[in-house]
Amino acid sequence: MGRVTLQEHGTDSLIDGKLEVPQHRLIMTEAVDIDKIRRSTRVFMRVRVVAAGKNSDKRRFRETCETIVINAHGGLLYLNQPLGMDAVIVLTNPFTQEEQECRIVFLGDANDKGQRVGLEFLTPAPHFWGVDFVPTDWPPPPAPVRAS
(Lines give C-alpha, C1' and ligand atoms only; values in the text may rest on other atoms or scores of the structure.)
Protein backbone atom coordinates (compact mmCIF):
# COMPACT_ATOMS: atom_id res chain seq x y z
CA MET A 1 0.00 0.00 0.00
CA GLY A 2 1.27 3.57 -0.59
CA ARG A 3 2.96 4.78 2.55
CA VAL A 4 4.69 8.17 2.72
CA THR A 5 5.59 10.88 5.19
CA LEU A 6 7.37 14.14 4.63
CA GLN A 7 10.01 15.76 6.77
CA GLU A 8 11.72 19.14 6.46
CA HIS A 9 15.26 18.99 5.14
CA GLY A 10 17.76 21.66 4.16
CA THR A 11 19.59 20.41 1.03
CA ASP A 12 18.70 20.00 -2.64
CA SER A 13 19.99 16.47 -3.27
CA LEU A 14 19.29 12.79 -2.75
CA ILE A 15 20.30 11.72 0.72
CA ASP A 16 20.46 8.06 1.70
CA GLY A 17 18.26 7.21 -1.28
CA LYS A 18 15.41 9.43 -0.06
CA LEU A 19 13.95 11.84 -2.61
CA GLU A 20 13.77 15.48 -1.65
CA VAL A 21 11.18 17.85 -3.05
CA PRO A 22 13.30 21.07 -3.17
CA GLN A 23 10.51 23.56 -3.85
CA HIS A 24 8.87 22.52 -0.59
CA ARG A 25 12.10 21.73 1.27
CA LEU A 26 10.66 18.31 2.15
CA ILE A 27 12.04 14.80 2.01
CA MET A 28 10.14 11.51 1.97
CA THR A 29 11.20 9.33 4.86
CA GLU A 30 9.42 6.78 7.04
CA ALA A 31 6.08 5.22 6.20
CA VAL A 32 2.54 6.30 7.02
CA ASP A 33 -0.59 4.45 5.91
CA ILE A 34 -2.29 6.75 3.36
CA ASP A 35 -5.69 5.17 4.10
CA LYS A 36 -5.49 6.68 7.59
CA ILE A 37 -5.41 10.19 6.15
CA ARG A 38 -8.53 9.69 3.98
CA ARG A 39 -11.11 12.35 4.84
CA SER A 40 -14.06 9.95 5.06
CA THR A 41 -14.81 6.26 4.74
CA ARG A 42 -15.58 4.85 1.31
CA VAL A 43 -18.81 2.88 0.91
CA PHE A 44 -19.32 0.60 -2.09
CA MET A 45 -22.86 1.48 -3.09
CA ARG A 46 -24.85 1.96 -6.27
CA VAL A 47 -26.73 5.25 -6.23
CA ARG A 48 -28.49 6.51 -9.35
CA VAL A 49 -27.69 10.19 -10.01
CA VAL A 50 -27.90 12.63 -12.91
CA ALA A 51 -24.66 14.30 -14.04
CA ALA A 52 -24.74 17.51 -16.06
CA GLY A 53 -22.18 19.96 -17.38
CA LYS A 54 -19.95 20.57 -20.38
CA ASN A 55 -17.77 17.79 -21.74
CA SER A 56 -14.26 18.27 -23.14
CA ASP A 57 -15.82 18.95 -26.57
CA LYS A 58 -17.53 21.99 -24.93
CA ARG A 59 -20.95 20.39 -25.44
CA ARG A 60 -23.56 20.40 -22.71
CA PHE A 61 -24.60 16.98 -21.45
CA ARG A 62 -27.08 15.50 -19.01
CA GLU A 63 -26.68 11.81 -18.24
CA THR A 64 -28.24 9.41 -15.76
CA CYS A 65 -25.48 7.30 -14.23
CA GLU A 66 -24.67 5.07 -11.27
CA THR A 67 -22.05 5.31 -8.54
CA ILE A 68 -19.51 2.63 -7.73
CA VAL A 69 -18.16 4.09 -4.48
CA ILE A 70 -19.39 7.02 -2.37
CA ASN A 71 -18.08 8.96 0.61
CA ALA A 72 -18.86 12.22 2.42
CA HIS A 73 -16.66 14.18 0.02
CA GLY A 74 -17.62 12.72 -3.37
CA GLY A 75 -17.64 9.43 -5.21
CA LEU A 76 -16.65 7.29 -8.15
CA LEU A 77 -19.14 6.68 -10.96
CA TYR A 78 -19.44 5.65 -14.59
CA LEU A 79 -20.01 8.33 -17.26
CA ASN A 80 -20.16 8.10 -21.06
CA GLN A 81 -18.75 11.57 -21.79
CA PRO A 82 -15.33 12.84 -22.84
CA LEU A 83 -14.24 14.72 -19.71
CA GLY A 84 -11.07 16.40 -18.49
CA MET A 85 -9.40 16.56 -15.09
CA ASP A 86 -10.53 19.46 -12.87
CA ALA A 87 -13.69 20.02 -14.93
CA VAL A 88 -16.73 20.97 -12.84
CA ILE A 89 -20.02 19.11 -13.26
CA VAL A 90 -23.27 19.07 -11.28
CA LEU A 91 -24.69 15.89 -9.76
CA THR A 92 -28.39 15.72 -8.94
CA ASN A 93 -29.93 13.13 -6.63
CA PRO A 94 -33.22 12.37 -8.45
CA PHE A 95 -34.93 11.25 -5.23
CA THR A 96 -34.27 14.45 -3.27
CA GLN A 97 -33.56 16.85 -6.18
CA GLU A 98 -30.49 17.99 -4.22
CA GLU A 99 -27.65 19.26 -6.43
CA GLN A 100 -23.92 19.28 -5.76
CA GLU A 101 -21.15 20.90 -7.79
CA CYS A 102 -18.24 18.49 -8.20
CA ARG A 103 -14.70 18.63 -9.53
CA ILE A 104 -13.27 15.72 -11.51
CA VAL A 105 -10.26 14.38 -9.63
CA PHE A 106 -9.79 11.00 -11.33
CA LEU A 107 -10.34 9.60 -14.82
CA GLY A 108 -10.09 5.83 -15.06
CA ASP A 109 -10.34 3.31 -17.82
CA ALA A 110 -13.49 2.95 -19.89
CA ASN A 111 -15.49 -0.26 -20.14
CA ASP A 112 -18.97 -1.27 -21.32
CA LYS A 113 -20.54 0.74 -18.45
CA GLY A 114 -18.61 3.92 -19.29
CA GLN A 115 -15.50 5.67 -17.99
CA ARG A 116 -14.77 5.60 -14.27
CA VAL A 117 -14.83 9.21 -13.03
CA GLY A 118 -13.78 10.27 -9.54
CA LEU A 119 -15.60 13.36 -8.23
CA GLU A 120 -14.98 15.61 -5.26
CA PHE A 121 -17.83 17.75 -3.91
CA LEU A 122 -16.86 21.43 -3.89
CA THR A 123 -18.64 21.54 -0.51
CA PRO A 124 -18.71 18.38 1.66
CA ALA A 125 -22.20 16.85 1.49
CA PRO A 126 -22.36 13.51 3.32
CA HIS A 127 -26.16 13.43 3.19
CA PHE A 128 -26.39 13.98 -0.58
CA TRP A 129 -26.29 10.21 -1.11
CA GLY A 130 -29.21 9.45 1.20
CA VAL A 131 -27.22 6.78 3.08
CA ASP A 132 -28.94 5.54 6.24
CA PHE A 133 -25.95 3.64 7.63
CA VAL A 134 -23.63 6.63 7.79
CA PRO A 135 -20.04 5.71 8.80
CA THR A 136 -18.92 7.27 12.09
CA ASP A 137 -16.38 9.60 10.45
CA TRP A 138 -18.99 11.29 8.21
CA PRO A 139 -20.17 14.64 9.64
CA PRO A 140 -23.63 14.69 11.28
CA PRO A 141 -26.52 16.37 9.46
CA PRO A 142 -27.11 20.05 10.26
CA ALA A 143 -29.47 20.70 13.15
CA PRO A 144 -32.99 21.72 12.09
CA VAL A 145 -33.64 25.46 12.23
CA ARG A 146 -36.53 26.34 14.53
CA ALA A 147 -38.77 29.26 13.73
CA SER A 148 -38.89 31.83 16.54
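The values are calculated or read from the model by the stated rules, or taken from the named source; none is laboratory data. Given the structure is predicted, the values throughout are model-derived calculations rather than measurements. Note that each Cβ is placed from the backbone with ideal geometry, even for glycine, and that neighbours are counted across all protein chains shown.
Under 6 Å between Cβ atoms, which residue pairs at least 6 apart in sequence (or on different chains) link something in the range 61-75 that is at pLDDT 90 or above with a partner that is charged (D, E, K, R) and part of a strand (DSSP E or B)?
That search, which allows pairs on different chains as well, returns Glu66/Arg48; Gly74/Glu120.
From the residues in the range 54-78 that are within 12 Å of the chain's Cα centre (by Cα) and over 19 Å from Lys113 (Cβ atoms), which one is surrounded by the fewest Cβ atoms within 10 Å (Cβ to Cβ)?
His73
Can you tell me which condition Val88 does not meet? The list is (1) assigned by TED's automatic domain parsing to the domain that holds Val49; (2) loosely packed, with under 13 Cβ neighbours inside 10 Å; (3) at pLDDT below 95, and all the others hold.
Result: Val88 fails condition (3) only.
Cβ-Cβ distance below 9 Å, separation of 6 or more or different chains: which pairs start in the range 27-53 with a residue that is surrounded by 11 or more Cβ atoms within 10 Å (Cβ to Cβ) and assigned to a helix (DSSP H, G or I) and end on one that is among the charged types (D, E, K, R) and modelled with pLDDT under 75?
Ile34/Arg3
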